[in-house]
């Protein structure tokens with residue numbers, strides 16, 4: 001008996017501890033909803049709810065049919081634009097659309113007032129809105145509910161004299177709770193919660209008089225926190241944290257008046273540092289450094305007021321330099337280099353105002369040139385050369401404003417001529433000759449303005465590119 005009592009006592013203690021955890025742990029995504037909202041109008045709302053409940057299931061069409069012989073024309077200033085004509089008696093007012101459809105029913109509290117329960121309908125007579133209206137402007141007061149054409153509740157709000165006051169709930173098209181927030185005097189004031197489809201909390205915010213204040217928490221659907229962001233006067237302000245789904249920190253930084261300020265950091269999912277950046281007044285200022293997961297520097301950029309200014313350097317995972325270019329006021333300027341991991345130069349070129357300008361050279365890892373081009377203001381101009389890895393010339397030609405112009409010569413790897421072709425304004429124009437590896441002409445073709453005219457073969461081609 002004593003053993004059973006001890007088991008029950010332990011179970012009771014665990015239950016109490018769990019309840020306390022839910023109360024004191026504001027970060028839990030399992031807390032379901034804004035439990036209760038006390039307002040100074042609660043008694044008023046209770047009375048209105050009773051009136052709405054009485055009218056909710058009454059059939060609008062049936063009510064109208066029962067009363068239509070005694071109805072008179074009524075002038076009613078409504079906020080519902082579809083209503084074109086109203087008929088009423090001492091108890092009910094019925095509103096009709098331009099095509100004669102019954103779309104509104106107002107159950108009056110008394111013959112000498114228009115205060116009462118209002119139903120607004122879709123053309124198919126299904127309920128669109130229901131709530132209480134009062135005063136000469138028929139202001140919403142108490143609980144107002146909004147439905148889709150399938151009859152599913154999609155929004156529920158509390159009003160007082162035309163202003164939002166109390167809890168608002170927003171539902172999905174299939175009736176699942178998506179959002180909750182508290183209003184006071186038409187402004188969000190208190191907690192706001194967004195939900196996933198399964199009912200778990202997606203985000204929690206705090207408001208004071210319509211402005212976000214304090215910590216905003218976002219969650220993954222597994223319940224782990226995805227973001228912690230502080231707000232001040234409706235703007236992000238203070239330290240912020242982003243997290244991976246496994247709970248590991250993803251990013252951290254500082255925000256001031258909705259703008260990044262100081263150092264921000266990004267992390268790999270392993271927890272290792274991925275990137276650091278310097279910010280000032282919401283703009284990148286200073287050096288951004290990115291790291292491989294092994295801690296070796298991968299890339300660095302230099303910024304001035306959000307514009308690239310200074311060297312941009314990338315690195316191999318071994319730590320050796322991969323590329324190096326230079327920016328001034330956001331534009332590439334001067335020498336640009338890329339390297340093999342061995343440290344040998346792979347590419348060398350020159351920039352002026354963001355365009356290639358001057359000689360561009362690509363190298364084999366043995367240090368010999370592979371390609372040489374010449375640029376003027378970003379366009380190919382002048383002689384170009386391609387080389388085999390043994391240093392022999394592979395191709396030579398000429399560009400004018402990005403278009404091939406004049407003769408292009410191609411060579412076999414041993415240095416013997418393989419082809420000659422003439423270009424005019426970027427198109428083959430004139431004679432094309434192809435030679436075999438012993439130097440004999442094997443084919444001749446004629447082109448005009450890029451169009452093939454004729455061909456003549458002299459002997460079978462013995463290797464080569466054609």
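Readers should treat all values here as calculations from the given coordinates under stated rules, not as data from a laboratory. Bear in mind the structure is a predicted one, so any value in this text is a computation, not a measurement. Neighbour counts are summed over all protein chains in view; Cβ atoms, including those assigned to glycine, are modelled from backbone coordinates with ideal geometry.
What 222 nm value per residue comes from the helices of the chain, counting each DSSP H run with n ≥ 4 as -39,500 (n - 2.57) and dividing by all residues, nearest 500 deg cm²/dmol?
Result for the chain: -3000 deg cm²/dmol, rounded to the nearest 500.
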So how much slack lies between residue 174 and residue 49, counting 0.36 nm per residue of separation and subtracting their Cα-Cα distance, in nm?
-> 42.6 nm
Want the number for residue 112 to residue 198: 0.36 nm per residue separation, take away the alpha-carbon distance, what's left?
-> 26.1 nm
How high is the FRET efficiency from residue 422 to residue 335, r the C-beta distance, R0 30 Å, rounded to 0.05?
-> 0.30
Note the full-extension length gain between residue 353 and residue 139 as 0.36 nm times their separation in residues minus their Cα-Cα distance, in nm to one decimal.
-> 70.7 nm
Could you give the nm distance between label points at residue 371 and residue 62, where each point is 7 Å from its Cα heading toward the beta carbon?
-> 8.2
At a Förster radius of 51 Å, what calculated FRET efficiency corresponds to the Cβ-Cβ distance of residue 265 and residue 72, to the nearest 0.05?
-> 0.10
For residue 444 and residue 79, extending 7 Å from Cα along the Cα-Cβ vector and measuring point to point gives, in nm, a value of 9.2
Can you tell me which of 205-211, 104-110, 127-133, 339-345 comes out highest on packing, and rank the rest after it, using the mean Cβ neighbours within 10 Å?
-> 127-133, 104-110, 205-211, 339-345
With axes computed from alpha carbons, what is the tilt in degrees of helix 42-56 against the longest principal axis of the chain, rounded to the nearest 10 within 0 to 90?
-> 90
With r defined as the distance between the Cβ atoms of residue 233 and residue 186 and R0 fixed at 25 Å, what FRET efficiency is calculated, to the nearest 0.05?
-> 0.85
Expected sort for 241-254, 164-177 on mean C-beta neighbours within 10 Å, highest first, is 164-177, 241-254
Quick one: angle between helix 2-24 and the longest Cα principal axis of the chain, in degrees between 0 and 90, rounded to 10, please.
-> 70
Put a dot 7 Å past each Cα toward the Cβ at residue 124 and residue 241; how far apart are the dots in nm?
-> 5.0
5 Å-binned pair-distance histogram of the range 39-138 (Cα, whole percent) = 2, 13, 25, 26, 20, 9, 4, 2, 0
So how do 138-144, 403-409 stack up, highest first, on mean other-Cβ count within 10 Å?
-> 138-144, 403-409
Fewest to most neighbouring Cβ within 10 Å: what's the order for 263, 289, 93?
-> 263, 289, 93
Within 10 Å of each residue's Cβ, count the other Cβ atoms and sort 46, 39 from fewest upward.
-> 46, 39
